[in-house]
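The values are calculated or read from the model by the stated rules, or taken from the named source; none is laboratory data. The structure presented is a predicted model; accordingly, all values stated were derived computationally and were not measured. Cβ coordinates were reconstructed from backbone atoms using ideal geometry, including for glycine residues, and neighbour counts include every protein chain displayed. These accessible areas exclude ligands, DNA and RNA; they are computed on the full protein's heavy atoms, side chains included. Shrake-Rupley method; radii C 1.70, N 1.55, O 1.52, S 1.80 Å.
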Amino acid sequence: MKQSIKPSYILHKNFRLPMGFSPENFDYGLTYQAQARDTFIVTYPKCGTTWTQHIVWMLSHDGKPFPVGKNINLEVPHLEEVGSDFVKYLSETRFIKTHLTYDLTPYNPDSKYIYIARNPFDCAVSFYYHTKGFIKHYDFAEGTFDDFFECFINGEVDWGDYFDHLVGWVQHKNDKNVLFLTYESMKNNQKENIIAIAKFLGDRYLEKIENPQILESILYHTNFTSMSKNQSRWSSQRPANMTPFIRKGKVGDWKAHFSLSQTQRLSEKFRIRTVGTEAENLWEIPE
Ligand code: PPS
């Protein structure tokens with residue numbers, strides 16, 4: 001039987017971090033004091049973070065697309081990657097990416113939190129290609145989906161257990177400073193979700209998209225095809241033989257990867273972990 005391969009991580013306290021991450025920055029990130037004008041984009045990895053980073057960036061730049069030659073993570077930074085000082089010194093209306101669970105995310109009742117959830121099946125597949133492709137972070141180039149699935153279902157991946165994340169945040173789904181969206185609804189109705197994000201951010205943003213040219217530009221430049229171009233805007237370089245960071249952008253790609261037994265095991269875990277919570281009915285889960 002083929003020996004299973006596991007991704008490598010930095011083991012730091014209770015966390016697994018990608019190998020390129022600094023544990024010091026991670027710790028500093030957790031100490032950040034959220035400010036009234038901060039908006040956090042919160043996701044479990046691979047659930048629509050970059051897409052949302054680009055939407056909020058365009059909303060705050062009059063519908064201009066993020067320029068080629070720059071990296072969005074310097075302007076909408078990842079808190080646990082860069083640490084709190086980097087974020088503190090941004091201009092005052094900050095947009096901040098985080099993959100932290102509810103309990104660890106810096107909280108201020110006047111800050112805003114946009115949470116994007118994605119069904120765990122597609123999330124696992126996307127996370128697999130991510131882990132395989134960022135060789136310097138995970139040393140998992142030879143790993144198979146079956147190898148990764150075991151790590152994912154056991155919560156033994158960076159940022160921990162998918163369900164801890166989802167269930168912690170879904171309890172705050174209806175808080176007035178939380179906008180809870182799903183990747184699938186963004187795919188189905190991108191326009192409606194961009195309008196919801198603008199409304200949530202406030203009048204200044206809503207006024208922008210009342211200009212049809214701005215709204216059209218955001219719709220066009222944040223769609224999958226546009227974001228697939230010039231991908232150095234979103235992430236560091238990946239080897240040419242690996243899938244690109246903006247990979248497929250599909251709902252249901254999991255069906256081409258999961259075995260029957262994997263489907264049953266993740267469905268079972270989904271039912272057990274979400275029963276009695278609002279996460280229970282977010283997606284149709286296979287039997
Ligand atoms: S990360 O590394 O956690 O920040 O990744 P994240 O950005 O959350 O997720 C990456 C997946 O989102 C898809 N994506 C998009 N789908 C549809 N439309 C747009 N505009 C878009 N932008 C990013 C991206 O392709 C990854 O999903 P998969 O399934 O791997 O394609």
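Data overview
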| item | result |
| --- | --- |
| E280 open to solvent by 60 Å² or more (accessible area, probe 1.4 Å), among the acidic types (D, E), away from the ligand (no atom under 14 Å from the Cβ) and over 28 Å from Q190 (Cα atoms) | no |
| Criterion (closer than 18 Å to L201 by Cβ and open to solvent by less than 50 Å² (accessible area, probe 1.4 Å)) met by exactly one of R94, R118 | R94 |
| Tally of residues being within 16 Å of the ligand (Cβ to nearest atom), open to solvent by less than 40 Å² (accessible area, probe 1.4 Å) and of a type in the set (V, I, T) across segment 206-225 | 2 |
| Any hit, segment 196-205, residues being surrounded by 14 or more Cβ atoms within 10 Å (Cβ to Cβ), free of Cβ contacts under 8 Å to residues at least 24 places away in the same chain, under 21 Å from the mean Cα position of the chain (by Cα) and within 30 Å of I5 (Cα to Cα) | no |
| Leading residue by the ranking (farthest from the ligand (Cβ to nearest atom)) among those in segment 142-162 that are open to solvent by less than 30 Å² (accessible area, probe 1.4 Å) and β-branched (V, I, T) | I153 |
| Residue in segment 185-206 that is under 23 Å from Y129 (Cβ atoms), part of a loop (DSSP other than H, G, I, E, B) and not hydroxyl-bearing (S, T, Y) present | no |
| Selection count where residues are away from the ligand (no atom under 16 Å from the Cβ) and surrounded by 17 or more Cβ atoms within 10 Å (Cβ to Cβ), scope segment 235-262 | 1 |
| Selection count where residues are outside any helix (DSSP H, G or I), within 14 Å of the ligand (Cβ to nearest atom) and under 26 Å from L166 (Cβ atoms), scope segment 65-117 | 13 |
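For (1) of a type in the set (D, E); (2) open to solvent by 40 Å² or more (accessible area, probe 1.4 Å); (3) within 14 Å of the ligand (Cβ to nearest atom), each residue gets a yes or a no:
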position	(1), (2), (3)
I135	no, yes, no
F140	no, no, no
D164	yes, yes, no
T182	no, no, yes
K187	no, yes, yes
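Every residue, every condition in (1) within 16 Å of the ligand (Cβ to nearest atom); (2) open to solvent by 30 Å² or more (accessible area, probe 1.4 Å), yes or no:
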| residue | (1), (2) |
| --- | --- |
| K13 | no, yes |
| R16 | yes, yes |
| F21 | yes, no |
| D27 | no, yes |
| F40 | yes, no |
| T52 | yes, no |
| W57 | yes, no |
